[in-house]
Amino acid sequence: MEWHIMNVGGVSSLGSNLGCLEESQYIPSDECKDVLLEIMQQLKDEDPRLRNVRRQIFYNHLVEKDLCVMIKFLRDDPEIFGLVVRILANLTLPVESLIESTGYSMAEASQTGMSWQQGVESSLHHYRTVFTDKSVLLSLLEEIHTLVEESEGYPLPEESCEVINQILLLLRNLLHFPSSSEDNSCREHEMFLRILFECDFTERFIKLLQLIQREYWTVTAVQLVTLIFKGHTGEMFLQNVTDIESVTFIMEQSEDSDRECLMCGYQHSDKDFQCINYLEESISKNLRLRNGSSQDSRSCSPNGSSLEVSSQEQEKLHKYLEVFAVQFLTKAFCNTVHVLRNILTSQYKAMIDEVYILWLLAFFLKYARHQRVEFHYIRGIFSTDMFAFLVYKTVVNSEELVVAQRNKQDTTHHLRRIHLTVGAMREMLQGLKLYCEDQSLDKANIAYLENLQKDLASSVDLPQMFLLLIRNFQMHTHSLRFLQDVIITNHLLLLLVDVWRSQSISKTEFHMLNHIKQFATTEVMQKYGRLLENFEYNNAVVNNCIFTMMHHVAGDCEKPNALLQVQILRTFLEILDSNAPLTQEKTDLIEFILQKFMVEAENNPFSCALQLFGEMPVKSKHGKIEEEEDEVADDAEDEEEDENAEEMKKEKDILLMLYTELMGQPGALTAISTKLGEFGIKKTEQQISEDLKEFDWLVDERNTEGSEVSKTRSVESDMEQSNSSSSFADDLEDLDDSEIVTYCITKLKEMKCEDHLKWLQQQFCDVAYAKCAMSMSSLDKNETEGFVAGLHVIQNKSVPLILYNEEQEQLMHNPYFITLLQFLGLHMPEDVGLVFPRIPHFWTIQNLVEKASQFGDLTIDQLKFDPVKLKEGREMTEIMLPFKLEKKEDITFEKMKKIPDTVWMTMIQQYNKNSGKDGKQGMQVGNEFQSQACP
């Protein structure tokens, strides 16, 4: 065999030894199997810089002359058939996957210019044309049907499972090719899909997803589903549209394609992403078809036949897609989603990117709601576990985004995942609301939904998740469409929570006002105000969500000052001047805030002057939502320079006023830094000192005698910090390590931080219950474990202390709180390279209960289980996991090293150095902790 390759023409010689076609039958040679194995090996071993083997196969027409012919005629030889399918699946791998396998990204590949890329792309387009031969596709699908039928309900052999998976991989690759109007590939894609459905693809595919061994090919199947609907998602929602208002509404949805941002990742590796626009790509085309304005497209296949894709054929394809969607929804959707969720929360999570499950949820739940699919078909999706998974992924992805930003890594994938998660959660909540209002449900489904609502109403993480997303929104990183989706989904959840409260559904009391007060900050209202700037272009739902929250902040929370911001006041004036139709509530709110500002301006002009200066985003000249653009015109750059100069002038004015007001006071630089932070200006004390010197407001000691006073004042803050650190060190110096935890708790109580200590105590209790719940059946559980804690425990990960609101983040500036966490044994963010402190994964239930007891007495309500009964039944040790994780995959240490006494002073000095820095550290936002009072 090697002699053929080396001396007689390589791949072409191999092809000549496969066999021949005689009288409509393919006769394999005696060496056929060995030749196929050699081709497979050559593909694996080919030089990734040249890809000569697959290029030679293409130039010698081996696929159409031999391999496809063997697919049609050699199904009775499973060994040869399986090898041919594997070779074809390899030959049709997308260019992106081949490039990634070399260690290059697509961007790097385009810069270096790989010589083989164009030739391989040509071969891939050619292969898809070859596979429009219906007999080839029919043979592949009939092989799947035969393998399933021959098993007669028993588990399939390993070899059969591999063949089925390889066939699905081949179909996936053929559907992956990017569409291009220049080479009619869009029409080819539609024709390929239509022929695929004509071969009874739907029935056979759904059957695969119902088998017990479906886990074997679920990942490939899901990739295939997402590619089937590529370019057709919008058309799925245009059925039964008879009135122009409905069509207009859907067209408005298509204009918001980036807002939905439902991007589906094609995955041969984790880095291969292809965009599937949600609801939008084909809507205008579909409307043209309905108006009879479609045009036929013609191209030629290899055998010279004309490929006519008429409007009737496209309508036929749409019907196939509708049938497939309904069949998938009613027979395979729930099982498929739960298989993916189980994979993503196991040690096998690297098999697939989470974007698939998120896209499936968002797309098919919207379609189910649109088609009024009966609840019992998709009941399994609306589960506590699924909501917990979405909350867990949101928190994890948010933290990973911050880490990526900190490490100056590409954040594109993180942003997509977070937006996808929000889209999926929105559809889950909308579906829940719809089915809870369905009067036709039977008693069993009504009881099921009631239990689900009880679990959701008792969750702390679910409502807090949206606060975290809003607070972490950054205009230079996220899009306004993302913020819009978060605010709308948060509004939807709060409406549901209000219903649960009124019906006393919640197992625990939820204080709505306390929850809303977390939004009543300058920082959060700034995000709402930025979105309100597009009032004229927002739809009514968006504006209603914004005004509702602002109304509660100014009224119920009694925090109207949070709305006294430049962009909000300016937008309110523009709304009044535009004569836009407003409800009485909106008008009252606007007039109240403007009147509040006028009163404040009269009584405290200096404070109002500060309100006029701040680093506020500038609305686009068209007034619409801005997205970051890669290319900026020269005139735009000049305008940006002017805007930057104006912002610098405003910043200088603020600094001058603050310095004039605070000069001479103890900790002046610290106070100035804090005040600047309130207006979006992040500067450290050192930067402030340098700016003051640059503006000649503060000069060094070599200048005039009068400047000595200024210099003295400029270092007062550092002296105060030094004295504070010395006092802190003196407090701890005479204490034993065993006394430090009790001492820190006492000091925090003196600073009126009891609520935060109770919060920390409850975190330990929640993790203990999550560990305990792993050994309980669902019937034995009195409460649902915390969403974030539960999924971290299941995966044997250390559990983060999520700092959802500003007060919790400000705790991380408190030396007593930080010391408390360290001596309790938590993993600190700087120790593990993450954002949040973490409760170690190796702590047992007994460890956690003992830690929680150090804060005070525990109740059964806090623990959610009886530790005495648990200890009687077994030792309170770590519960065995259903699988074993390699230690190298753990993201935290196995144990926390004790801090030596000799290192204390160094640690304290480093803390004071860091605490002087303003701005966000990870996700921490807010003012520096003041040691005199608890935030």
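The values are calculated or read from the model by the stated rules, or taken from the named source; none is laboratory data. This one's a predicted model, so the numbers in the text were calculated from it and none came from an experiment. When we count neighbours, we look across all protein chains shown, and the Cβ atoms used for this are built from the backbone with ideal geometry, even at glycine. The accessibility values were calculated without ligands, DNA or RNA, using every heavy atom of the protein model including side chains. Shrake-Rupley method; radii C 1.70, N 1.55, O 1.52, S 1.80 Å.
List pairs: first in the stretch 782-807 and at positive phi, second of a type outside the set (A, V, I, L, M), Cβ under 6 Å, 6+ apart or cross-chain?
Matching pairs, first to second residue: Asn796/His841.
Report yes if Ala404 is free of Cβ contacts under 8 Å to residues at least 12 places away in the same chain, open to solvent by less than 10 Å² (accessible area, probe 1.4 Å) and either assigned to a helix (DSSP H, G or I) or charged (D, E, K, R) (or both), otherwise no.
Spelling it out, Ala404 is indeed free of Cβ contacts under 8 Å to residues at least 12 places away in the same chain, open to solvent by less than 10 Å² (accessible area, probe 1.4 Å) and either assigned to a helix (DSSP H, G or I) or charged (D, E, K, R) (or both).
Looking at Ile505, is it of a type in the set (Val, Ile, Thr) and crowded, with 21+ Cβ neighbours inside 10 Å?
Details: of a type in the set (Val, Ile, Thr): yes; crowded, with 21+ Cβ neighbours inside 10 Å: no.
Here the answer is no, as Ile505 does not meet what is asked.
Which residue, of Ala444, Ala457, is over 18 Å from Glu399 (Cα atoms) and either modelled with pLDDT under 95 or touching a helix residue (DSSP H, G or I) at 6+ places or on another chain (Cβ under 6 Å) (or both)?
Testing whether each residue is over 18 Å from Glu399 (Cα atoms) and either modelled with pLDDT under 95 or touching a helix residue (DSSP H, G or I) at 6+ places or on another chain (Cβ under 6 Å) (or both) leaves just Ala457.
When you go through His511, His515 one by one, which is the residue that is open to solvent by 40 Å² or more (accessible area, probe 1.4 Å) and either free of Cβ contacts under 8 Å to residues at least 60 places away in the same chain or of a type in the set (D, E, K, R) (or both)? Break it down stepwise before answering.
Numbers: His515 fails: open to solvent by 40 Å² or more (accessible area, probe 1.4 Å).
Of the residues listed, the single one that is open to solvent by 40 Å² or more (accessible area, probe 1.4 Å) and either free of Cβ contacts under 8 Å to residues at least 60 places away in the same chain or of a type in the set (D, E, K, R) (or both) is His511.
With the structure loaded, tell me whether Asp766 is farther than 26 Å from Asp737 by Cβ, acidic (Asp, Glu) and not in a helix (DSSP H, G or I) or whether it fails that test.
no
Could you tell me whether any residue of the stretch 547-562 is touching a residue at least 60 places away in the same chain (Cβ under 8 Å) and open to solvent by less than 20 Å² (accessible area, probe 1.4 Å)?
Taking the stretch 547-562 as the starting set, the residues that turn out to be touching a residue at least 60 places away in the same chain (Cβ under 8 Å) are 549.
Still in the list and also open to solvent by less than 20 Å² (accessible area, probe 1.4 Å): 549.
Yes; the residues of the stretch 547-562 include at least one that is touching a residue at least 60 places away in the same chain (Cβ under 8 Å) and open to solvent by less than 20 Å² (accessible area, probe 1.4 Å).
Are any residues in the stretch 803-833 over 27 Å from the mean Cα position of the chain (by Cα) and not aliphatic (A, V, I, L, M), and if so, which ones?
Within the stretch 803-833, His813, Asn814, Pro815, Tyr816, Phe817, Thr819, Gln822, Phe823, Gly825 qualify.
Taking interchain pairs and intrachain pairs at least six residues apart, which have beta carbon atoms under 6 angstrom, with the first residue in the stretch 174-191 and open to solvent by less than 60 Å² (accessible area, probe 1.4 Å) and part of a helix (DSSP H, G or I) and the second at pLDDT 85 or above and among the aromatic types (Phe, Trp, Tyr)?
That search, which allows pairs on different chains as well, returns Leu174/Phe131.
Between a first residue in the stretch 408-424 that is outside any helix (DSSP H, G or I) and a second residue that is open to solvent by 40 Å² or more (accessible area, probe 1.4 Å), which pairs have beta carbons less than 7 Å apart while being 6 or more apart in sequence or on different chains?
If the second residue must be open to solvent by 40 Å² or more (accessible area, probe 1.4 Å), the pairs left are Thr411/Gln405.
Just one of Ala388, Ala350 is in contact (Cβ under 8 Å) with a residue 24 or more places away in the chain, part of a helix (DSSP H, G or I), open to solvent by 20 Å² or more (accessible area, probe 1.4 Å) and small (Gly, Ala, Ser); which is it?
Numbers: Ala388 fails: open to solvent by 20 Å² or more (accessible area, probe 1.4 Å).
On inspection, the qualifying residue turns out to be Ala350.
Leu589 fails exactly one of the following numbered conditions: (1) in a helix (DSSP H, G or I); (2) at pLDDT below 95; (3) out of contact with any Pro (no Cβ under 6 Å at 6 or more places or on another chain). What is the number of that condition?
Evaluating Leu589 over (1) in a helix (DSSP H, G or I); (2) at pLDDT below 95; (3) out of contact with any Pro (no Cβ under 6 Å at 6 or more places or on another chain) leaves (2) as the failure.
If you go through the stretch 492-533, how many residues are within 17 Å of Arg481 (Cα to Cα) and over 25 Å from the mean Cα position of the chain (by Cα)?
Final tally of qualifying residues: 1.
Consider the stretch 425-448. How many of its residues are in a helix (DSSP H, G or I) and among the polar types (S, T, N, Q)?
2
Would it be correct to say that Asn534 is open to solvent by less than 10 Å² (accessible area, probe 1.4 Å) and of a type in the set (S, T, N, Q)?
Considered against the rule, which asks whether it is open to solvent by less than 10 Å² (accessible area, probe 1.4 Å) and of a type in the set (S, T, N, Q), Asn534 comes out as yes.
Against the condition open to solvent by 20 Å² or more (accessible area, probe 1.4 Å) and either over 13 Å from the mean Cα position of the chain (by Cα) or over 30 Å from Thr522 (Cβ atoms) (or both), how does Ile446 come out, does it pass?
Values: open to solvent by 20 Å² or more (accessible area, probe 1.4 Å): yes; either over 13 Å from the mean Cα position of the chain (by Cα) or over 30 Å from Thr522 (Cβ atoms) (or both): yes.
Yes; evaluated as a whole, the condition is true for this residue.
Report, by residue number, each residue of the stretch 125-142 that is open to solvent by less than 10 Å² (accessible area, probe 1.4 Å) and farther than 15 Å from Glu64 by Cβ.
Residues satisfying the conditions are Leu140, Leu141.
Residue by residue through the stretch 202-246, note down the ones that are modelled with pLDDT under 90, out of contact with any helix residue (DSSP H, G or I) (no Cβ under 7 Å at 6 or more places or on another chain) and in a helix (DSSP H, G or I).
Hits for the stretch 202-246 are Ile244, Glu245, Ser246.
Within the stretch 808-820, which residues are more than 19 Å from Phe473 (Cβ to Cβ), out of contact with any strand residue (DSSP E or B) (no Cβ under 9 Å at 6 or more places or on another chain) and part of a helix (DSSP H, G or I)?
Leu811, Pro815, Tyr816, Phe817, Ile818, Thr819, Leu820
Of the numbered conditions (1) open to solvent by 20 Å² or more (accessible area, probe 1.4 Å); (2) closer than 17 Å to Leu340 by Cβ, Glu427 fails exactly one; give the number of that condition.
(1)
With respect to Met598, determine if the residue is closer than 27 Å to Ile654 by Cβ and either in contact with a strand residue (DSSP E or B) (Cβ under 9 Å, 6 or more places away or on another chain) or open to solvent by less than 10 Å² (accessible area, probe 1.4 Å) (or both).
So Met598 does not fit the description; no.
Quick one: is Glu198 closer than 30 Å to Val120 by Cβ, surrounded by fewer than 19 Cβ atoms within 10 Å (Cβ to Cβ) and modelled with pLDDT of 70 or more? Quick ask: steps written out before the conclusion?
On the way: closer than 30 Å to Val120 by Cβ: yes; surrounded by fewer than 19 Cβ atoms within 10 Å (Cβ to Cβ): yes; modelled with pLDDT of 70 or more: yes.
Judged against the criteria, Glu198 is a match.
Just the residues that are in contact (Cβ under 8 Å) with a residue 12 or more places away in the chain, open to solvent by 80 Å² or more (accessible area, probe 1.4 Å) and not in a helix (DSSP H, G or I), please, taken from the stretch 145-166.
Pro155, the sole residue that qualifies.
Go through (1) in contact (Cβ under 8 Å) with a residue 12 or more places away in the chain; (2) outside any loop (DSSP other than H, G, I, E, B); (3) surrounded by fewer than 24 Cβ atoms within 10 Å (Cβ to Cβ) and name the single condition Glu830 misses.
(1)
Taking helices (runs of 4 or more DSSP H) that fall entirely within the stretch 25-88, which contain at least 2 residues that are under 39 Å from the mean Cα position of the chain (by Cα) and touching a residue at least 12 places away in the same chain (Cβ under 8 Å)?
Qualifying helices (runs of 4 or more DSSP H): 32-45, 52-59.
Every residue in the stretch 563-581 that is open to solvent by less than 10 Å² (accessible area, probe 1.4 Å) and either touching a strand residue (DSSP E or B) at 6+ places or on another chain (Cβ under 6 Å) or aliphatic (A, V, I, L, M) (or both), please.
Leu563, Leu564, Ile568, Ile575
It is to be established whether one or more residues within the stretch 548-556 are closer than 17 Å to Asp485 by Cα, touching a Gly at 6+ places or on another chain (Cβ under 8 Å) and not β-branched (Val, Ile, Thr).
Scanning the stretch 548-556 turns up no residue that is closer than 17 Å to Asp485 by Cα, touching a Gly at 6+ places or on another chain (Cβ under 8 Å) and not β-branched (Val, Ile, Thr).
Could you please let me know if Asp200 is touching a residue at least 24 places away in the same chain (Cβ under 8 Å) and on the phi > 0 side of the Ramachandran plot?
yes
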